[in-house]
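Input: a single structure, listed below in structure tokens.
The values are calculated or read from the model by the stated rules, or taken from the named source; none is laboratory data. Quick caveat: nothing in here was measured; it's all calculated off a predicted structure. Ideal geometry is used to build each Cβ from the backbone, glycine not excepted, and the neighbour counts take in all protein chains shown. What goes into the accessible areas is simple: the full protein's heavy atoms, side chains included, and nothing from ligands, DNA or RNA. Shrake-Rupley method; radii C 1.70, N 1.55, O 1.52, S 1.80 Å.
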Amino acid sequence: MKDRALFWLLAAAFVLRAGISFPALFSGDLSRWLRPDSALYLEGMRQLAGNGVYRVAERAPGFAAFSAGIWKASGSLVPVALALIFVGTATLVFVYLAAREYGSREEALAATGLGAFHITLIANTPLMLSDTLFGFFAAAEFFFTLAFWSRKRFRDAAFAGVAGGIGALIRPINAPHFVVLALLFAATPGATRKKRGIAVLLALGFFASASAPWMYRNFRCGTGFAVDANTGAMLHQNGAMLQAEIRHTSFEEEKRRLLAMESAAFADREKFPDAASREKFRMACYGKMIARHPFVALKQQFFNAPVLLPDAPTALELLGVTRPGRGTMDVLARDGLFAAVRHYFHGRTVMALLPLAPFVLTAFAVLFYAAKHLVRLFLRRTGSRRDILLFGGFALYYLWLPGAITAPRYQIPALPILLCFAAAGLLRAGEKKRRGTPKNACKSPAEPLC
């Protein structure tokens, strides 16, 4: 590796991720690195490994496709977690490359270092969930988008589309992201209209080539033209959060009520013969809730700042200090952040967090310096609109789309651009570099300086 500093940052990132994972992986206590959602991901993995057939309609197939071969060869989840540690570390390579395109080598190293020590990235790496794997492809999509902006190579537009399409097969939240890609390539700075048009077509075509065949397969199976049949879960997730605020009850109570309602309705097999019909019913019910209480729904959708919190609880659970499944989300929704912290830690907040303080502070530093850079962009009179559009497409999209149901791991796909912006804000670099000037526009000594 040419850049020795990058090598050592990646080595440190790997050691940190492995170090916080190993106490859980070799403890024999699966609850420390499994979550309620893990069951369906692992079921799909076992199905693929067993007979090559995937029947878990409620989950996208990406995690199962990644892990099935590893599990079949080893018969253990530990190698799957180890593979995720490598994936989580490799994600920082795309962060480095993206930050290098956005700014300078110093910014790229700063972004990589912040990512290496970011508690949310560290803690979520070994979990049997799709977030770490999705974060890898989200970072790749972000890098290739920036690479096309800088270098105007059509292959970068194609690679961005492929990464986005594969990402959709891992987390369906990325399925509508083709719209973002189209807008960003259409706004490519310094490119002719023809180049922008070809880039849009390439990105959309390769995005569809990666994701549409699976969606068509689901359509033929009665799941609907979608990556999975889990979008309707918003009824008993976001809908439960909405009802809890309106009715002054708890999230868990409303969730149980809505799940019971769904179960009773779906008992009618003639009316709901397949997953597609059930999804349609759940989305219609959720839509009616929003229509009755639009302002509360919008408030919950756009003011979900807890998604930005550092994921120290997951780290503590991996280390065996605390236990998951304590109903903290319910307390957070009902009584606020400080009550949720007291509930989770039982008054041991400072002592429990003390060993993790450097990593928690790193996560807060990323938010602070990214916000600083974003404010600077807004205050600039020229040259910042496309950077703000980039932030909307790769940060706000992932942070606010989940709505009221927030978990710190949902910030993972937004972290690549947050890390790039934080590095720029920290070093105050790139002040004169705007996307309107291609990175390698002046390669020849005979050309004028940029």
Of the candidates G232, G222, G239, the one satisfying the condition of being touching a residue at least 40 places away in the same chain (Cβ under 8 Å), in contact with a Leu (Cβ under 7 Å, 6 or more places away or on another chain) and not hydroxyl-bearing (S, T, Y) is G239
**Prompt:** When you look at F26, is it of a type outside the set (A, V, I, L, M), open to solvent by 50 Å² or more (accessible area, probe 1.4 Å) and touching a residue at least 24 places away in the same chain (Cβ under 8 Å), yes or no?
**Reply:** yes
Of the listed residues (L427, L401), the one being more than 22 Å from A160 (Cβ to Cβ), open to solvent by 20 Å² or more (accessible area, probe 1.4 Å) and either at pLDDT below 95 or within 14 Å of the chain's Cα centre (by Cα) (or both) is L427
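Residues being open to solvent by 20 Å² or more (accessible area, probe 1.4 Å), in a loop (DSSP other than H, G, I, E, B) and in contact with a helix residue (DSSP H, G or I) (Cβ under 7 Å, 6 or more places away or on another chain): count how many of those fall in the range 370-398. Working first, answer last.
Taking the range 370-398 as the starting set, the residues that turn out to be open to solvent by 20 Å² or more (accessible area, probe 1.4 Å) are 371-372, 374-376, 378-383, 385-386, 388-389, 391-392, 396-397.
After this cut, where a residue has to be in a loop (DSSP other than H, G, I, E, B) as well, the list is 380-383.
In the following step, the residues that additionally are in contact with a helix residue (DSSP H, G or I) (Cβ under 7 Å, 6 or more places away or on another chain) were identified as none.
Number satisfying all stated conditions: 0.
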Within the range 121-154, residues open to solvent by less than 10 Å² (accessible area, probe 1.4 Å) and not in a helix (DSSP H, G or I) come out as T125, P126, L127, M128, L129, S130
Could you tell me whether V95 is assigned to a helix (DSSP H, G or I), over 13 Å from A423 (Cα atoms) and out of contact with any Asp or Glu (no Cβ under 8 Å at 6 or more places or on another chain)? no
Counting only residues in the range 69-78 that are in a helix (DSSP H, G or I) and in contact (Cβ under 8 Å) with a residue 24 or more places away in the chain, the one most open to solvent (accessible area, probe 1.4 Å) is identified as W71
Over the range 290-310, the set of residues hydrophobic (A, V, I, L, M, F, W, C) and either farther than 21 Å from A226 by Cβ or outside any helix (DSSP H, G or I) (or both) is A291, F295, V296, A297, L298, F302, F303, A305, V307, L308, L309
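Among the candidates A264, A240, A284, single out the residue that is open to solvent by less than 30 Å² (accessible area, probe 1.4 Å) and not in a loop (DSSP other than H, G, I, E, B).
Only one candidate qualifies: A240.
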If we ask which residues in the range 29-57 are touching a Lys or Arg at 6+ places or on another chain (Cβ under 8 Å), of a type in the set (S, T, Y) and open to solvent by less than 30 Å² (accessible area, probe 1.4 Å), their number turns out to be 1
Per the filter on the range 292-302, residues out of contact with any helix residue (DSSP H, G or I) (no Cβ under 9 Å at 6 or more places or on another chain) and open to solvent by 60 Å² or more (accessible area, probe 1.4 Å) are F295
If you go through A81, A60, A90, A108, the only one that is within 29 Å of G425 (Cβ to Cβ), open to solvent by less than 10 Å² (accessible area, probe 1.4 Å) and either not acidic (D, E) or not in a loop (DSSP other than H, G, I, E, B) (or both) is A108
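From the list L146, L169, exactly one residue is at pLDDT 95 or above and under 22 Å from A111 (Cβ atoms). Which is it? Spell out the reasoning first.
Numbers: L169 fails: under 22 Å from A111 (Cβ atoms).
Selected residue: L146, the only one of L146, L169 that is at pLDDT 95 or above and under 22 Å from A111 (Cβ atoms).
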In the set A163, A182, A168, A157, the lone residue that is of a type in the set (A, V, I, L, M, F, W, C), within 22 Å of the chain's Cα centre (by Cα), open to solvent by less than 10 Å² (accessible area, probe 1.4 Å) and more than 25 Å from D131 (Cβ to Cβ) is A157
